[in-house]
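Participant: Below is one structure. I have some questions about it.
The values are calculated or read from the model by the stated rules, or taken from the named source; none is laboratory data. Every value quoted in this text rests on a predicted model; they were computed, and no experiment measured them. Methodologically, a virtual Cβ is constructed for each residue, glycine included, from the backbone with ideal geometry; neighbour enumeration extends over all protein chains shown. These area figures cover heavy atoms from the full protein model, side chains too; ligands, DNA and RNA do not enter into them. Shrake-Rupley method; radii C 1.70, N 1.55, O 1.52, S 1.80 Å.
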Amino acid sequence: MPLHHGHQPPRDDDSTRRRLAVKPFYGQTDPTGGMTEAPPAHRLPDTPLPPMTAYRLVHDELMLDGNARLNLATFVTTWMEPQAGVLMSECRDKNMIDKDEYPRTAELERRCVAMLADLWHAPDPSAAVGCSTTGSSEACMLAGMALKRRWALRNAGRYPSTARPNLVMGVNVQVCWEKFCNFWEVEARQVPMEGDRFHLDPQAAAELCDENTIGAVGILGSTFDGSYEPIADLCAALDALQERTGLDIPVHVDGASGAMVAPFLDEDLVWDFRLPRVASINTSGHKYGLVYPGVGWALWRDAHALPEELVFRVNYLGGDMPTFALNFSRPGAQVAAQYYTFLRLGREGYRAVQQTSRDIARGIAERVEALGDFRLLTRGDQLPVFAFTTADDVTAYDVFDVSRRLREGGWLVPAYTFPPHREDLSVLRVVCRNGFSADMADLLLADLERLLPDLRRQPYPLTHDKGAASGFHHQSVLSG
């Protein structure tokens, strides 16, 4: 979460300023009873408020937020069925960590892990180890901790005295991996982008590995452009490295989005535990797992991949319940919602939902390209996501102008610059999710077409503060 500093009061003392009274009809039966001053915004009020008054004050302020359904920047689920919402409200007071008090919630978590182990082709799904998390960011941290601990145990004679561990990844990784390397004192070795390759190159990744490499990360669905990294090719390059040098480098697959898309739409793509070198996989239940924010999953192919010393044990119905988490207390609602969604959709339901999202993404991409002002980087044929930039002959406006103008109609379409070696490239990205319908896609295209004549008449790009243009900074957006 971002860090916030304390509120800085205005120059003139609050005591000298007249506070606006709360709207009388927000009060109790007597519409003017007790309505003297609005409560302070940056310190606890001295007295209570009626519940409806407090609700209306908070509700009305939140009306100024963007419309989540029109947010095409986020990968996070913004629509679920009403029944899922009811189920979540029934479970929000259950603490996931209390396995003894809420054994059935713990059982639903166990079943979800078993379903994912089967979906991701664990050699023995019953032997796979996994847990729920608050999202993919926590899941990636756990996976990274396991990689580092396995490496440390193998190098006990050198670490921590002389050896510094490193982790190999593409420069396109989500910011949680940079946080992991910073927090756990691991050197991040990043494969840069080159030309029209916007993610990791397997051979270049293998060349960065040495005896201090704890693992390599492959991204199944880059947040920059929606493309899959070639996980099988990465494993093959590391197999060849082991044959030459004896170095055995495990792979973690960050499937925050793609691990809940590829199993249903790209069944022939080998990226998961079918590859012996893949030690662990994570996904976000709250992305293409189709659950509201607050749930992720981390799985290891077997108990050997997760060092026992990292696992804590709690009493569970008089027995032993192993746990592995960075968080402690958190609601059980999201786990219940994930299990509901697994039951509700099944394989065919997930396939239908994800195929619809992909079809809509591909359809929008083709229509954007047909406008003639834009060049596609990706077409929505892997993740239901596509990225595009302005055509070479477009000089009157840039992607930041497009993002700014679309926001006037409520659409949140991010514009951002690519990382080192391709800082010259700025793009727009559209994420299609469950709940973003073909009708909404038509509305988006209609608004874009309506804006183009004005944009073409500009003398030059008008957005000077690129960072503020869409309020979007790629690396600040959570994968988890």
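Participant: In what order, largest first, do L116, L269, L376 sit by accessible area if the probe radius is 1.4 Å?
Facilitator: L269, L376, L116
Participant: Something else now. What translational diffusion coefficient, in µm²/s and rounded to a whole number, does the Stokes-Einstein relation yield for segment 374-469 at 37 °C and a viscosity of 0.692 mPa s, taking the hydrodynamic radius as the Kirkwood radius over Cα pairs?
Facilitator: The diffusion coefficient I find is 233 µm²/s.
Participant: Under the rule of -39500 (n - 2.57) per DSSP H run of 4 or more residues, summed and divided by the residues of the chain, what mean residue ellipticity at 222 nm is obtained, to the nearest 500 deg cm²/dmol?
Facilitator: So the helix-based figure for the chain works out to -11000 deg cm²/dmol.
Participant: Another question, then. Hey, what's the Kirkwood Rh for segment 105-153 if you take every pair of different alpha carbons, in angstrom?
Facilitator: 12.0 Å
Participant: Multiply the residue separation of R344 and D381 by 0.36 nm, subtract the distance between their alpha-carbon atoms, and state the gained length in nm to one decimal.
Facilitator: That works out to 10.8 nm of additional length.
Participant: Another question about this same structure. Could you work out the mean projected area of the convex hull around the alpha carbons of the chain, in square nanometres to one decimal?
Facilitator: So the mean shadow area of the Cα hull is 28.5 nm².
Participant: Let me cross-check I219: its accessible surface, 1.4 Å probe, with only protein heavy atoms counted, in Å² to the nearest 10?
Facilitator: Here the accessible area works out near 10 Å².
Participant: Moving on to the next point. Looking only at the chain, where both bridge partners belong to it, what percent of the DSSP beta bridges are antiparallel (to the nearest 5)? Mind dumping the intermediate values first?
Facilitator: Details: 28 of 45 bridges.
Antiparallel: roughly 60 percent of the beta bridges in the chain.
Participant: Ordering Y102, Y228 by accessible area with a probe of 1.4 Å, largest first, what comes out?
Facilitator: Result, largest first: Y102, Y228.
Participant: Kindly write out, for segment 184-190 in residue order, the coupling ³J(HN,Hα) from the Karplus curve 6.51 cos²θ - 1.76 cosθ + 1.60 (θ = phi - 60°), rounded to whole Hz, with x marking Gly and Pro.
Facilitator: Calculated HN-Hα couplings, in order: 9, 6, 10, 6, 8, 9, 10 Hz.
Participant: For segment 227-323, just the Cα set please: Rg and Dmax, both in angstrom.
Facilitator: When restricted to Cα atoms, segment 227-323 yields Rg and Dmax of 16.2, 50 Å.
Participant: Could you tell me the distance between the Cα centroids of segment 240-290 and segment 423-437, to the nearest Å?
Facilitator: Between the Cα centres of segment 240-290 and segment 423-437 lies a distance of 23 Å.
Participant: Counting only DSSP beta bridges with both residues in segment 129-218, what percent are antiparallel, rounded to the nearest 5?
Facilitator: Once the DSSP bridges in segment 129-218 are tallied, antiparallel ones form about 10 percent.
Participant: Moving on to the next point. Which order, highest average first, do 365-371, 241-247, 338-344 follow once you tally other Cβ atoms within 10 Å for each residue and take the mean per peptide?
Facilitator: Going from most to least packed, we get 338-344, 365-371, 241-247.
Participant: List the extent of the Cα atoms of segment 55-146 along each of their three principal axes, largest first, rounded to whole Å.
Facilitator: 51, 34, 27
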